[in-house]
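The structure appears right after this line, and notes come after that.
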Amino acid sequence: MDSQKEALQRIISTLANKNDEIQNFIDTLNHTLKGVQENSSNILSELDEEFDSLYSILDEVKESMINSIKQEQARKSQELQSQLSQCNNALENSEELLEFATRSLDIKEPEEFSKGDNGFSFSPFFETKVPKAPEIDPVECLVADNSVTVAWRMPEEDNKIDHFILEYRKTNFDGLPRVKDERCWEIIDNIKGTEYTLSGLKFDSKYMNFRVRACNKAVAGEYSDPVTLETKALNFSLDNSSSHLNLRVEDTCVEWDPTGGKGQESKIKGKENKGSAHVTSLKRHTRSGTPSPKRTSTGSRPPAVRGSRDRFTGESYTVLGDTAIESGQHYWEVKAQKDCKSYSVGVAYKTLGKFDQLGKTNTSWCIHVNNWLQNTFAAKHNNKVKALDVTVPERIGVFCDFDGGQLSFYDANSKQLLYSFKTKFTQPVLPGFMVWCGGLSLNTGMQVPSAVRTLQKSENGMTGSASSLNNITQ
């Protein structure tokens with residue numbers, strides 16, 4: 001009896017253990033099932049976000065390609081329209097000359113042949129001359145305010161000239177103008193005077209070549225000797241490798257990105273004609289309490305993957321320009337998005353620390369705009385602040401005179417002086433920008449405006465300077 005009870009006890013114990021094992025296994029299965037469901041839900045959510053991001057990027061690429069096609073179409077249409085106009089004028093002149101020639105064949109008497117039925121002399125018809133090549137006068141040409149005025153003259157008086165054709169092209173070749181160049185000539189037709197002004201240019205090359213030819217009713221003359229004019233200006237882009245991880249940088253645009261660049265390394269590839277368009281996939285998560293920034297459409301190439309991800313960190317939401325200023329006078333403009341919460345514009349030495357903020361060190365100078373909680377506009381240097389009692393302009397112009405040790409900020413529209421620092425730069429400086437919850441866009445390839453040059457000559461006393469900040473605490 002006892003042995004049977006012991007055996008039964010062992011069976012009960014074994015069954016209890018098995019029961020526990022089964023229950024644990026059931027719990028494990030339930031936990032696994034729950035995990036599978038949660039993971040599946042997360043994957044589906046991430047997949048939706050990924051595709052939303054891809055659709056958004058593809059839309060931008062599509063818009064960029066459409067804009068490029070439209071611009072090329074407009075350029076080609078303008079070029080073909082110009083050629084069509086020239087051909088129509090040539091055809092009209094040819095028909096007129098053909099009519100004169102036909103009428104002259106019907107004249108029998110020599111005297112009448114030399115004078116038409118209306119007293120018109122047909123002799124000039126046979127004496128029609130090709131206009132001589134005009135001469136461009138470099139001394140009379142003017143390069144200012146991103147505009148170029150070209151002036152020329154005829155080597156001798158020619159009252160048969162009907163109009164002139166001016167052609168120009170950009171180049172970085174510093175020698176004599178070449179017949180063949182990497183860029184095609186742009187054409188401006190039907191110029192009645194002996195000078196012409198091209199305005200609103202972007203000076204993204206060191207030089208521009210110009211040539212002109214004269215046209216009468218019958219024929220166009222030879223081109224003038226080409227003349228090269230210097231169109232030097234500071235061109236730079238934002239250095240993606242120097243930017244804070246929370247900034248999205250595309251050429252001349254920077255935008256606050258709360259995702260910290262997640263997903264920048266994944267790309268999608270698509271064929272485009274003979275090449276391929278590489279598109280960077282960016283996940284657009286939104287953190288609780290942080291506004292989701294708007295995308296900035298620039299029509300430029302997709303952003304490159306950042307090289308050095310720790311150039312700036314912490315609250316130093318900074319990106320630098322990719323071109324150092326070591327001498328000379330330079331000018332560029334900055335425009336902020338309307339809803340940008342905070343941004344700074346200025347210059348800094350290359351040695352600016354990874355945790356440093358513009359204007360809070362002795363190696364950086366800037367003006368700072370704050371639109372969060374309270375509105376402030378101030379000049380900053382070496383952790384000193386000077387409040388500016390002026391309205392924040394739509395666009396800010398930055399003038400840097402490296403040799404003269406001057407950094408000035410202007411209302412880009414009115415050219416009103418906002419503030420000037422007077423210092424002595426001991427190292428090359430880089431354009432610097434800070435942005436939080438918003439974005440900035442740059443305009444480079446600009447000459448120093450004439451109005452700014454004039455103000456600089458008359459404002460040598462300075463309305464503000466670095467020394468004036470020494471007694472101002474933050």
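Calculated on the alpha-carbon coordinates, the convex hull of segment 343-431 measures out at 97 cubic angstrom per residue. Once the Cα-Cα distance is subtracted from the 0.36 nm per residue extended length, the Asn42 to Leu98 segment shows a gain of 12.0 nm. Taking the empirical scaling 2.2 N^0.38 Å for compact globular proteins as reference, segment 156-215 has a Cα radius of gyration ratio of 1.28. For segment 376-459, the tally of Lys pairs with Cα-Cα distances below 15 Å comes to 5, considering only residues 8 or more apart or on different chains.
For Glu79 and Asp204, calculate 0.36 nm times their separation in residues minus their Cα-Cα distance, and state this gained length in nm to one decimal.
Contour length minus Cα-Cα distance gives 42.8 nm.
Ordered by 1.4 Å accessible area with all protein chains kept, Tyr168, Tyr419 run largest first as Tyr168, Tyr419.
Over the Cα atoms of segment 393-451, what is the Rg over Rh ratio if Rh follows Kirkwood?
Radius of gyration over Kirkwood radius for segment 393-451 works out to 0.97.
A 1.4 Å probe over all protein chains sorts Lys380, Lys192 by accessible area into Lys192, Lys380, starting with the largest.
Mind checking Rg over Rh on segment 10-108, alpha carbons, Kirkwood formula for Rh?
For segment 10-108, the value is 1.87.
Using the Cβ-Cβ distance between Ile69 and Asp158 with R0 set to 60 Å, the FRET efficiency from 1/(1 + (r/R0)^6) comes to roughly 0.90. The figure for Thr313 is an accessible area of roughly 40 square angstrom, using a 1.4 Å probe on the protein chains alone.
Phi-derived couplings, Karplus 6.51 cos²θ - 1.76 cosθ + 1.60 at θ = phi - 60°, listed residue by residue for segment 417-432: 6, 8, 6, 9, 9, 10, 8, 10, 6, 9, 9, x, 10, 10, x, x Hz, with x used for Gly and Pro.
Ranking of Ile191, Ile107 by solvent-accessible surface, largest first: Ile107, Ile191 (1.4 Å probe, protein heavy atoms only, all chains present).
Distance between the modelled labels on Asn30 and Ser147, one decimal in nanometres: 8.2 nm (7 Å Cα→Cβ projection).
Keeping the other protein chains in place, figure out the carbon and sulfur percent of the accessible area of segment 338-413, with a 1.4 Å probe.
Summing carbon and sulfur atoms, their accessible area is 45 percent of the total for segment 338-413.
Sites listed here are GluC sites (Glu not before Pro) in segment 211-257 whose DSSP assignment is loop and whose Cβ has at most 16 other Cβ atoms within 10 Å: Glu222. Using a probe of 1.4 Å, the accessible surface attributed to Val392 totals some 60 Å² when neighbouring protein chains are kept in position.
Accessible area of Ile11 (1.4 Å probe, protein heavy atoms only, ligands and nucleic acids ignored): about 90 Å².
If the segment from Val390 to Asp59 were pulled out straight at 0.36 nm per residue, it would be longer than the present Cα-Cα gap by 115.2 nm.
Scaling the Cα radius of gyration of segment 131-182 by the globular reference 2.2 N^0.38 Å produces a ratio of 1.37. Its Kirkwood hydrodynamic radius, worked out from the mean inverse distance over all distinct Cα pairs, puts segment 181-235 at 13.4 Å.
The values are calculated or read from the model by the stated rules, or taken from the named source; none is laboratory data. In this text, all values refer to a predicted model and were calculated from it rather than measured experimentally. A quick note on method: Cβ atoms are made from the backbone with ideal geometry, for glycine too, and the neighbour counts reach across all protein chains shown. Accessible surface areas use protein heavy atoms only, side chains included; no ligands, DNA or RNA. Shrake-Rupley method; radii C 1.70, N 1.55, O 1.52, S 1.80 Å.
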